[in-house]
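Take a look at the structure below.
The values are calculated or read from the model by the stated rules, or taken from the named source; none is laboratory data. Only a predicted model underlies this, so the values are computations on that prediction, with no experimental measurement involved. When we count neighbours, we look across all protein chains shown, and the Cβ atoms used for this are built from the backbone with ideal geometry, even at glycine. Accessible surface is based on the protein model in full, side chains and every heavy atom, while ligands, DNA and RNA are left aside. Shrake-Rupley method; radii C 1.70, N 1.55, O 1.52, S 1.80 Å.
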Amino acid sequence: MTYAVKRIFMAGPTLLVVAIIVFTLMRLIPGDPAQLLVGDLDDAGAIERVRREMGLDRPLPVQFGIWLSNILQGDFGRSAHSGEEILPTLLYRFAITAKFTGIALLLASLISVPIGVVAAWRAKTSFDYAARLTAIILVSMPTFWVGLILILVFGIQAHLLPVVGYVSLSDDLYKGLLYMIMPVTALVVGELASIIRMSRSSALEVLQLEYVAHARAKGLSERRVLLRHVLPNALAPTLTLIGITLGNSLGGAAVTETVFSIPGLGRYLVDAIYARDYQVVQACLLFVSFIFITVNLLVDLCYPLLDPRVKL
Amino acid sequence: MSQTTIRLSHFSPGPILVGSVLLLALIGLVWTPFDPNALDFAHRYAPPSLQSLFGTDHLGRDLFSRILIGASVSIAVSGVAVCCALAAGTVLGAVAGFYMGWLDRGLMLLMDAILAMPGILLALGIMAVTGPSVAGMIGAMAITFTPTVFRVVRSAVLSLREKEFIEASRALGNRNGFTILYHVVPNCVAPLTVLSTALFGSAVLTESALSFLGLGVPPEIPTWGAMLSDGRNIFAQAPWAVIFPGLAISYLLLGVNLFGDSLRDWLDPRAAE
């Protein structure tokens, strides 16, 4: 129990430092934030008013304090571009990104964990070599390029799938799924490789342990040995990797969503950078980091469930 | 196992792939078939042919020449970024591990926070500050990669600092800086070599992704990422403008990944099996 409490309390300072980094980054941007918000160079009165309203005339640590306490109350500020409140848009966009990354990660794990375990079980056979070769080739292809090639082949040449865009599943289930096929495939291809490699190497380690030999000596079928003894024990390290992969695909969403014109969180961030809408950039960076830290925290807390040797 | 099978199992095409890209990048620095930025409207959307190996784009620019230049940009930017991260991470990691105490705790907190942000995202955030530029790109990736190096060096130093030869060096009256440089750092070379190939791979990937978004290397320099971004708009007329730059990235990454794998097997035989 102490481990769990400690681990949760350790996330606090990390988040605080992340917030400081994000805040500092945005203040390093050349130019006066108040002027950027007003957009009108000559309107000195308006600039002065915005500066006072936002507390920009106060010392930096005070500004940071105000910003952080606003965020803790759920106030991410307003977009300088559209004037909308950021938080509702942020959550709406994140829901879209989460749908894509979640489905892709689930599919990738369901496909690659069994492949990795079987490759380890049949180590040094042609299946193993084929799996490893495929993994290293897949891991070398950038996800956004895979996406472009999918669009080229299935969208432009074969006219099988809609090229780019997004339709909400709740609006039109069939169309929504159709639009999801290519982006999800591209994400899965990118994630397959690392999960195959990780589950293979951890299964390889487990297979050499004495309890596997014991399970076999008891006369259990190979199927049972793999499913009951190898798979669960090989899953623990793989789970950690899955947490990291999720973070990477949240970060990479900026690129994949650009390729497929998906209005997710990544696209929101990139558009905000283009528009120099730094309130939004700041909010996106902090939000994604928060999600990443939370996911890794959950993974760490789940770890003992899979590997009882690690005690909470 | 006989000597030959050992050698065979250590054979890897990785160095050949990486070496060939290096060679092409060097050639690209002194000679390209065409001027990579020359516009030639008479030969727009030309398919791959003997004159123009990879075809031309919407402005009639020769894609093969641009890919050659892109190779040197990609390798140089990624290489310098990884070197900066190695230098910064090693110094900070050695200092943190050697002196421990509040300095160590402070650095750990900072590095953990940087690691807590997805890599591409942090690089994007930094590029938002600097705007598209080569120096910004290098700095962004160096900052993103430093914590990984830091962690490796720090944990190596922590396990080393109690060893006899470190104590001996101290007992001889060597200054701490000398002990770190000559006795601690050399012992981190093996793990750092493996790590730096992995980092180089992610650097190539990050650079191309950010240049694809127009937030990496400035657009007037041909990069593989920017070429993909151009090619995306001329899909229907010139599919080769999307195929070849991506193949170039994948080819280099495949080489780096294979190289890294064989390096790991060689330096850490325990992990090989």
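Quick rundown of the values:
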{"read-out": "Options A:N248, A:N296: the member that is free of Cβ contacts under 8 Å to residues at least 40 places away in the same chain and among the polar types (S, T, N, Q)", "value": "A:N248"}
{"read-out": "Any hit, the range A:31-41, residues being out of contact with any Lys or Arg (no Cβ under 7 Å at 6 or more places or on another chain), within 14 Å of another protein chain (Cβ to nearest Cβ) and either on the phi > 0 side of the Ramachandran plot or surrounded by 14 or more Cβ atoms within 10 Å (Cβ to Cβ) (or both)", "value": "yes"}
{"read-out": "Any hit, the range A:266-273, residues being open to solvent by 20 Å² or more (accessible area, probe 1.4 Å) and within 11 Å of chain B (Cβ to nearest Cβ)", "value": "yes"}
{"read-out": "Residue count for the range B:100-132, restricted to those that are part of a helix (DSSP H, G or I) and in contact with a helix residue (DSSP H, G or I) (Cβ under 8 Å, 6 or more places away or on another chain)", "value": "23"}
{"read-out": "Check on B:S78, assigned to a helix (DSSP H, G or I), polar (S, T, N, Q) and touching a Phe, Trp or Tyr at 6+ places or on another chain (Cβ under 6 Å)", "value": "yes"}
{"read-out": "Among residues of the range A:207-255, those that are more than 10 Å from chain B (Cβ to nearest Cβ), open to solvent by 10 Å² or more (accessible area, probe 1.4 Å) and more than 30 Å from B:M117 (Cβ to Cβ), counted", "value": "22"}
{"read-out": "Residue check, A:L286 within 16 Å of the chain's Cα centre (by Cα), under 20 Å from A:L235 (Cα atoms) and in a helix (DSSP H, G or I)", "value": "no"}
{"read-out": "Boolean, A:P61 is open to solvent by 50 Å² or more (accessible area, probe 1.4 Å), more than 14 Å from every other protein chain (Cβ to nearest Cβ) and within 26 Å of B:L107 (Cβ to Cβ)", "value": "yes"}
{"read-out": "Flag for A:V146 being at the interface with chain B (Cβ under 9 Å from one of its Cβ atoms), within 22 Å of A:G252 (Cα to Cα) and modelled with pLDDT of 85 or more", "value": "yes"}
{"read-out": "Test for B:R170: is it closer than 30 Å to A:V139 by Cβ, of a type in the set (K, R) and more than 12 Å from chain A (Cβ to nearest Cβ)", "value": "no"}
{"read-out": "Residue satisfying all of: in the range B:58-111; charged (D, E, K, R) and more than 30 Å from A:F9 (Cα to Cα); modelled with the highest pLDDT among these", "value": "B:R66"}
{"read-out": "Qualifying residue in the range A:182-203 (condition: open to solvent by 30 Å² or more (accessible area, probe 1.4 Å), within 14 Å of chain B (Cβ to nearest Cβ), not small (G, A, S) and not in a helix (DSSP H, G or I))", "value": "no"}
{"read-out": "Candidate set from the range B:107-126 (those that are over 23 Å from A:T245 (Cβ atoms) and open to solvent by 40 Å² or more (accessible area, probe 1.4 Å)); member that is farthest from the other protein chains (Cβ to nearest Cβ)", "value": "B:M108"}
{"read-out": "Residue match in the range B:58-75 (condition: within 14 Å of chain A (Cβ to nearest Cβ), open to solvent by less than 10 Å² (accessible area, probe 1.4 Å) and touching a residue at least 40 places away in the same chain (Cβ under 8 Å))", "value": "yes"}
{"read-out": "Scope the range B:209-243; condition buried (at least 24 other Cβ atoms within 10 Å of the Cβ) and more than 8 Å from every other protein chain (Cβ to nearest Cβ); matching residues", "value": "B:L210, B:S211, B:G216, B:V217, B:P222, B:T223, B:W224, B:G225, B:A226, B:M227, B:A241"}
{"read-out": "Subset of the range A:263-282 [in a loop (DSSP other than H, G, I, E, B) and of a type in the set (A, V, I, L, M)]", "value": "A:A275"}
{"read-out": "Residue in the range A:123-138 that is among the basic types (K, R), out of contact with any Asp or Glu (no Cβ under 7 Å at 6 or more places or on another chain) and within 13 Å of chain B (Cβ to nearest Cβ) present", "value": "yes"}
